[in-house]
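The values are calculated or read from the model by the stated rules, or taken from the named source; none is laboratory data. Quick caveat: nothing in here was measured; it's all calculated off a predicted structure. Backbone-built Cβ (ideal geometry, glycine too); neighbour counts: all protein chains shown. Protein only, heavy atoms only, side chains kept; ligands, DNA and RNA dropped before computing areas. Shrake-Rupley method; radii C 1.70, N 1.55, O 1.52, S 1.80 Å.
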Amino acid sequence: MKIGRQAKIVELISRYQIETQEELCDILNKEGYEVTQATVSRDIRALKLTKVVMPNGKQCYKFISDTQDLSQKQLNILRDGFVSCDMAQNLLVVRTATGLAQAVAASIDAISFDEVIGCIAGDDTILLVMRTPDDCLEVMKKLRRIVEEGNNAGRT
């Protein structure tokens, strides 16, 4: 029952902009789940949901690991620390500013690229492992796009 209810919560927050626990309770009750605000509060904690500010200014529940919902701080760490990247087969080497590799790697991990199967960070270098060279190319493109978006935003 708990797993089914939590799966329903995941479905609902992906479909609707749910702002409060009470609103989530109401929707769940309408969907046939008899819940209290306390139950929903525990489910929110268990699912590690967070509130994010939407473009319309409202706050609603989301998974923090969703790429579009990454905190601005994580994106800034990635953009500020990134120096370059180069690939060899299914390996991607990311160079960072000195001392920032672990912070940049944590940001990359938070993005949760499907293609990445492992990430190791040193002081100024990160090694990302993908299954295939094509996966490696795709991740390299995605990382560069994220960094370029940040650079372009700073030029407005």
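Listing for the model above:
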{"read-out": "Leading residue by the ranking (least open to solvent (accessible area, probe 1.4 Å)) among those in the stretch 29-72 that are of a type in the set (Lys, Arg) and modelled with pLDDT of 85 or more", "value": "Arg42"}
{"read-out": "Residue in the stretch 103-118 that is in contact with a helix residue (DSSP H, G or I) (Cβ under 8 Å, 6 or more places away or on another chain), over 30 Å from Cys136 (Cα atoms), modelled with pLDDT under 90 and surrounded by fewer than 13 Cβ atoms within 10 Å (Cβ to Cβ) present", "value": "no"}
{"read-out": "Members of the stretch 82-109 found to be among the small types (Gly, Ala, Ser) and over 16 Å from Arg145 (Cβ atoms), listed by number", "value": "Ala88, Ala97, Gly99, Ala101, Ala103, Ala105, Ala106"}
